[in-house]
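> My structure is below; once you've seen it, I'll send some questions.
The values are calculated or read from the model by the stated rules, or taken from the named source; none is laboratory data. What you see is a predicted model; the values in this text were computed from it and never measured. So basically every Cβ, Gly included, is an ideal-geometry build from the backbone, and we count neighbours across all protein chains shown. What goes into the accessible areas is simple: the full protein's heavy atoms, side chains included, and nothing from ligands, DNA or RNA. Shrake-Rupley method; radii C 1.70, N 1.55, O 1.52, S 1.80 Å.
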Amino acid sequence: MANRRDSRIEPSFEGPPRAKSSAGFSVSEEDRVVPSNRNTSAKRQSARTKASRRGRGKSRRGLFGVLGRLAYWCFVLAIWGGIAAAGIVVYYGAKMPAATTWAIPDRAPNIRIVSVDGKLLANRGMSGGEAVGLHEMSTYIPEAVIAIEDRRFYSHLGIDPIGLSRAMVANVVGGRFSQGGSTLTQQLAKNLFLTPDRTLERKVQEVLLALWLEHKHTKDQILEMYLNRVYFGSGAYGVEAASRRYFGKSARDVTLPEAALLAGLLKAPSRLSPARDPKAAERRSQLVLTAMRDEGKISAKELTTAMSAPASRVASYWTGSENYVADAIVEELPDLIGDVRGDIIVDATVDLTLQKLAEQSIRRLIDGSGKKLNASQGVLVSIDNSGAVRAMVGGYDYSTSQFDRASEARRQPGSAFKPFVYMAALEAGRTPDSVRNDAPIKIGKWTPTNYGGKYFGKVTLATALAKSLNSVAAQLTMEVGPDAVVEAAHRMGVQSDLTANTSIALGTSEVTPLELTSAYVPFANGGYRPDVHFIRRVTTAGGKVLYDNNGGAPRVIKPEIVGMMNSMMMGTVEIGTARKAAFAWPAAGKTGTSQNSRDAWFIGYTANLTTGVWFGNDDGGPMKKVTGGALPAQAWHEFMVAAHEGVPVRPLPGTWRSTPADTIVQDELPPNTAQPAPVPPADVGGPVKKRQTSILDILTGG
């Protein structure tokens, strides 16, 4: 017992407490002054776990909260957007007439085009063809149109949200307005009731009208109205007019390839017209055929057959070169008066008598010499001093080719471009009496040579232009700089892009006959550049004036420059390369011939008319040594003699008196100018003496 009482009991911090030992001594974990490391770590880990769980919970709750708030505000914005859209619709809808007064107007109106002498030039519009029922026309036509223009036509309610969304995305991605997303019903509504303006008001009205059309008419009725009214290019409104215009047959007999071509025109009827650009029209028709196959409208075999046998066009039933003018007028009308809503009368600037004279001259020369000289096409454009086009022949025969070579075919003008070189030189301080060395020269790797390889040594600028000496034109371009030449040409009326290099002196940049002829008009009228136009006035059948050309022309050349240029270019007709053009009036101008005689030009003028003539081939094939002084000068002479019959003679504007030959002072030649090879002095200076007794000098008392 003593041992038991005297034995010491050590406190234990490990192991379970002893049961039934009230007298024992023990310390729990909570009694420790400094807790053990092991348990502390466990608690910390537990705390971190709980905190992490709380964090994840909060994160999940925060993410859902953000998404919830985003969804909420999107919903709110959608509501307000809907209210705003409804308000816009109500606002613009209220500005429209009451729906009870809406009615389908008559189909496309007639456009009567009258010449300046009161004669009928052409009719365009509803005279092209009758209305054809949907059940009557070839089934390929509506199928092709739906496949390429509105695939969900029979399922939407007048507007196509899917198509509209796709168009919006395409416009945003492309950074420009390239797609409209309009349905056939919307297009019909626009054609029937609205102007072509791209405004929010017009778009809202278009949608409202489309919904009204869908409510009042069946899908087939809407499609039939659309096909009988839509514009197919080249003055043809409706499928019947277009079928006869392009294929010489009724819309009832149109084949699959022909239907695809017609449907393809709807995107851009003027640009894609097969009468204007057959290749573009064919490429577009192939896209239509592919769309028809994708929609299950045709089989793979039909697709292959149609692709391998494209639509073939026939000669137009419209004949006569005046139809080139009529086509140009129809293309210009929308920019002047918008959509044609009723019958109108267009007073054109063209004189039908002059038009026929121009056509006869071009055709007579090609019929007589075209085969021998390998020349198949010709163009003649005549413009008065106000910019009014008095005659325009766009090719040999309109009935076989409606492509307007006068306004659309770009060709190298050759030396017919040189007046702008000389004009820039005169504006830089030269005169017609300035002297240059006509000799072989080398500019970089380029060596311009004269026609025939003949050089004349020291010549005046007047002689150089009259004889169309290439080396002198190249020297002047180097002196004033190609940029100055380009600026002068654009200021005079050339609109095509021009390459500013030295070879521009010889007319290597392409231009159209219409713009090149118009750029000579300021020489004829004293230095003013008018707007070239075909339309004098447009009136309704009741006499209301819709458009009236008021003219107006800025001065682009100083009077003294006009006088010097006219003095020099008169030499071209009197003693130079265009002697075949001369007639009883004071006349001036310039010939031009591109490499290998691919293009032959003469642009000439009197104080009354400026007329340009071009001969060549559509494929760019060379003619047989045809120059601007040959066929073009002959055609110009024939036309101008007839055009000036009975008209009082007038001198060209401006004056210039040539300096006597013994007092001519040669300009300082630019450095490194090649010296002329030894040539006989015969004829050098001769033209200057002759110029002292020119018709202009006599008329002006010189």
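> Checking R364 against (1) modelled with pLDDT under 95; (2) surrounded by fewer than 16 Cβ atoms within 10 Å (Cβ to Cβ); (3) of a type outside the set (A, V, I, L, M): exactly one of these is not met. Which one?
In the conditions (1) modelled with pLDDT under 95; (2) surrounded by fewer than 16 Cβ atoms within 10 Å (Cβ to Cβ); (3) of a type outside the set (A, V, I, L, M), R364 misses (1) alone.
> For segment 157-171, indicate whether the set of residues that are closer than 24 Å to S285 by Cβ, of a type in the set (V, I, T) and modelled with pLDDT of 80 or more is non-empty.
So far as segment 157-171 goes, no, none of its residues is closer than 24 Å to S285 by Cβ, of a type in the set (V, I, T) and modelled with pLDDT of 80 or more.
> If you take the residues in segment 229-255 that are farther than 25 Å from R341 by Cα and not charged (D, E, K, R), which one is nearest to the chain's Cα centre (by Cα)? Explain how you work it out, then say what you get.
Residues of segment 229-255 that are farther than 25 Å from R341 by Cα, as a first pass: 247-250, 252-255.
Next, from what is left, pick out any that are not charged (D, E, K, R): 247-248, 250, 254-255.
Working: F247: 26, G248: 29, S250: 31, V254: 30, T255: 31 Å.
Only one residue tops the list, namely F247.
> Going through segment 214-228 one residue at a time, which ones are among the aliphatic types (A, V, I, L, M) and more than 27 Å from the chain's Cα centre (by Cα)?
I222, L223, M225, listed by residue number.
> Another question, then. Would you list the strands (runs of 3 or more DSSP E) that sit entirely within segment 510-613 and hold 2 or more residues that are over 13 Å from A416 (Cβ atoms) and either hydrophobic (A, V, I, L, M, F, W, C) or touching a strand residue (DSSP E or B) at 6+ places or on another chain (Cβ under 6 Å) (or both)?
535-540, 545-548
> Name the residues in segment 471-504 that are farther than 30 Å from N385 by Cα, in contact (Cβ under 8 Å) with a residue 24 or more places away in the chain and of a type outside the set (G, A, S), would you?
If the condition is that a residue be farther than 30 Å from N385 by Cα, in contact (Cβ under 8 Å) with a residue 24 or more places away in the chain and of a type outside the set (G, A, S), then V472, Q475, M478, E479, T502 are the ones that fit.
> Here's something else I'd like to know. If you check S285 against the conditions, is it polar (S, T, N, Q) and crowded, with 20+ Cβ neighbours inside 10 Å?
Yes; evaluated as a whole, the condition is true for this residue.
> Considering only residues that are open to solvent by 10 Å² or more (accessible area, probe 1.4 Å) and not small (G, A, S), which ones fall in segment 371-384? Write out each step before concluding.
So in segment 371-384, the residues open to solvent by 10 Å² or more (accessible area, probe 1.4 Å) come out as 371-374, 376-377, 384.
Across segment 371-384, the qualifying residues are K371, K372, L373, N374, Q377, D384.
> Then there's this: What is the number of the single condition among (1) at pLDDT below 90; (2) open to solvent by 30 Å² or more (accessible area, probe 1.4 Å); (3) in contact with a Gly (Cβ under 6 Å, 6 or more places away or on another chain) that E214 does not meet?
Going through the list (1) at pLDDT below 90; (2) open to solvent by 30 Å² or more (accessible area, probe 1.4 Å); (3) in contact with a Gly (Cβ under 6 Å, 6 or more places away or on another chain), E214 breaks only (1).
> When the residues of segment 500-545 are filtered to those that are more than 24 Å from the chain's Cα centre (by Cα) and open to solvent by 70 Å² or more (accessible area, probe 1.4 Å), which remaining residue is modelled with the lowest pLDDT?
A541
> Also, I was wondering about something else. Among what's in segment 329-349 and is assigned to a helix (DSSP H, G or I) and open to solvent by 20 Å² or more (accessible area, probe 1.4 Å), pick the residue that is nearest to A541 (Cα to Cα). Step through it out loud before you land on a result.
If we filter segment 329-349 for residues that are assigned to a helix (DSSP H, G or I), which is where we start, we get 329-337.
So of that shortlist, the ones also open to solvent by 20 Å² or more (accessible area, probe 1.4 Å) come out as 331-332, 334-337.
Values: E331: 20, E332: 19, P334: 18, D335: 20, L336: 17, I337: 15 Å.
Here the residue is I337.
> Do any helices (runs of 4 or more DSSP H) entirely within segment 233-284 hold 1 or more residues that are of a type in the set (F, W, Y) and over 21 Å from N191 (Cβ atoms), and if so, which?
239-247
> Please determine, by comparing only the residues of segment 614-624 that are in contact (Cβ under 8 Å) with a residue 12 or more places away in the chain and assigned to a loop (DSSP other than H, G, I, E, B), which one is surrounded by the most Cβ atoms within 10 Å (Cβ to Cβ).
Result: M623.
> Within segment 567-586, does at least one residue satisfy the condition of being closer than 19 Å to R410 by Cα, surrounded by fewer than 21 Cβ atoms within 10 Å (Cβ to Cβ) and touching a helix residue (DSSP H, G or I) at 6+ places or on another chain (Cβ under 8 Å)? Reasoning before the result, please.
The first filter runs over segment 567-586 and keeps only residues closer than 19 Å to R410 by Cα, leaving none.
No, segment 567-586 contains no residue that is closer than 19 Å to R410 by Cα, surrounded by fewer than 21 Cβ atoms within 10 Å (Cβ to Cβ) and touching a helix residue (DSSP H, G or I) at 6+ places or on another chain (Cβ under 8 Å).
> Checking A281 against (1) in contact with a helix residue (DSSP H, G or I) (Cβ under 6 Å, 6 or more places away or on another chain); (2) closer than 14 Å to F403 by Cβ; (3) touching a residue at least 60 places away in the same chain (Cβ under 8 Å), only one condition comes out false. Which one?
(3)
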